[in-house]
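This report refers to the structure that appears directly beneath it.
Rule-based calculations on the coordinates, nothing more; no lab input. Only a predicted model underlies this, so the values are computations on that prediction, with no experimental measurement involved. Cβ sites come from the backbone with ideal geometry, for glycine too, and all protein chains shown count toward neighbours.
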């Protein structure tokens, strides 16, 4: 069985554009540039929220994908540069609240029922791709607590944890980590990945994601995931956002470093990579990232450590981002990082407690790890049983919670 025929892939690469004062160029001003690039590149370049969206067309090979990325960015750099503007390929802007992604579109898929089942099958792997692509450690007003604030805060509602869907009870859905998107483009869209700052990494990431999804499409299962697996997925998603490639996941009843899981994912899709004209040897950047547990967020955090002021960091980062090979140079000299332990039950409880202050609406606990209602309510019950919170009922607001003490 092969759900994808022909096997194709692409990316919708969202790139922030800044002026020489590091101010983000808004959507209205970008429209003319998008039109000029669309005509010159013969690609459907458009505008998203205050960013340029650079679709790379329908690709059937790694070489074709690489060539289009290089050509599009070379021309975009030239066009914007003539107006003293620069590309700012990062997943978050340090001053303005703006998140960007490099969504990966995997095609060609025509069976929506099968695509919904494939969503259910893929959700548990999405945190691994989030860890690999993490690249938003310094958004507006925040710094360094997460390697992907974009994933942690769901890109302001645009990248949400996948829900388990029954095709017979499903309506069209948009915005989840892996999303069947057969309206307009016959693809399964992987949305969890942060915007890439490296052209080589984007090329490698795109073909890896595509090959893995293609391979999963040859072994489609109909049974829904178990509740415990879904809970592990949500905890792993949080860990990926927090630690990037240093994360350790809950996996098949044990804990495993995410780099080992990604290594196995690469091995499992070797045949599909070959169909796309790629192999593990043509993905050297990902290999080095897994070996060192270093992602793009680690590079950004190393630079941000020199600039505690967000405006100064935005300026320095913008200058560095003009040079497409800088992440590769950093990776070549970066010290390997050690894995961080997977969150245990005490850590999960503490993360939920952090959402509660004085008179906090109970629904805020859903923000901790996006637990569904029964699991989130279990956290509330446990915190109350341990005397750490108290409940009150407000006729205006419903159930509110107040913290009594912190976890030791």
#### Entry: Calculated on alpha-carbon atoms, Rg and Dmax of region 98-162 in Å
13.9, 43
### Task
Quick one: compute the contact order of the chain, relative version, from alpha carbon pairs under 8 angstrom and 6+ residues apart, as a percent.
17 percent
### Task
May I ask for the angle, rounded to the nearest 10°, between helix 112-122 and the longest principal axis of the chain, with both axes built from Cα atoms and the value confined to 0 to 90°?
70 degrees
### Query
Which angle from 0 to 90°, rounded to the nearest 10, does the C-alpha axis of helix 227-243 make with the longest principal axis of the chain?
60 degrees
### Message
Taking the number of other C-beta atoms within 10 Å as the exposure measure, put 138, 95 in order starting with the fewest.
### Response
95, 138
### Query
How big is the shadow of the Cα convex hull of region 1-57, averaged over all directions, in nm²?
5.0 nm²
## Note on the structure
Using the Kirkwood formula on alpha carbons, the hydrodynamic radius of region 230-282 in angstrom works out to 12.3 Å
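Order 210-220, 318-328 from most to least packed using the mean count of other Cβ atoms within 10 Å. If you can, show how the numbers build up before the last one.
Details: 210-220: 22.1, 318-328: 16.5.
Listed from highest to lowest mean packing, they are 210-220, 318-328.
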### Task
Find the Rg to Rh ratio for region 50-173, where Rh is the Kirkwood radius over alpha-carbon pairs and Rg uses the same atoms.
1.01
### Debye equation applied to the C-alpha atoms of the chain, log10 I(q)/I(0) at 0.10 Å⁻¹
-0.67
### Task
Could you work out how far helix 310-321 tilts from the main Cα principal axis of the chain, as a 0 to 90 degree angle to the nearest 10?
40 degrees
### Task
Using label points projected 7 Å from each Cα along Cα→Cβ, tell me how many nm separate residue 171 and residue 341, to one decimal.
4.5 nm
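Return the equivalent ellipsoid semi-axes of region 286-339 as a descending list in whole Å, where each equals the square root of 5 times an eigenvalue of the C-alpha gyration tensor.
On the way: eigenvalues 95, 35, 10 Å².
Those come to 22, 13, 7 Å.
Using mean Cβ contacts within 10 Å as the protection proxy, how do 151-162, 96-107 order, highest first?
Order by mean packing, descending: 96-107, 151-162.
So how do 295-305, 70-80, 238-248 stack up, highest first, on mean other-Cβ count within 10 Å?
238-248, 295-305, 70-80
If you build the Cα gyration tensor of region 127-245 and take the root of 5 times each eigenvalue, what three semi-axes come out, in whole angstrom, biggest first?
Details: eigenvalues 120, 63, 41 Å².
The three semi-axes for region 127-245 are 25, 18, 14 Å.
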### Query
Regarding region 220-336, what is the average projected area of its C-alpha convex hull, in nm²?
9.9 nm²
### Query
Across bins of 10 angstrom width beginning at 0, how are the C-alpha pair distances of region 345-403 distributed, in whole percent?
25, 61, 13, 0
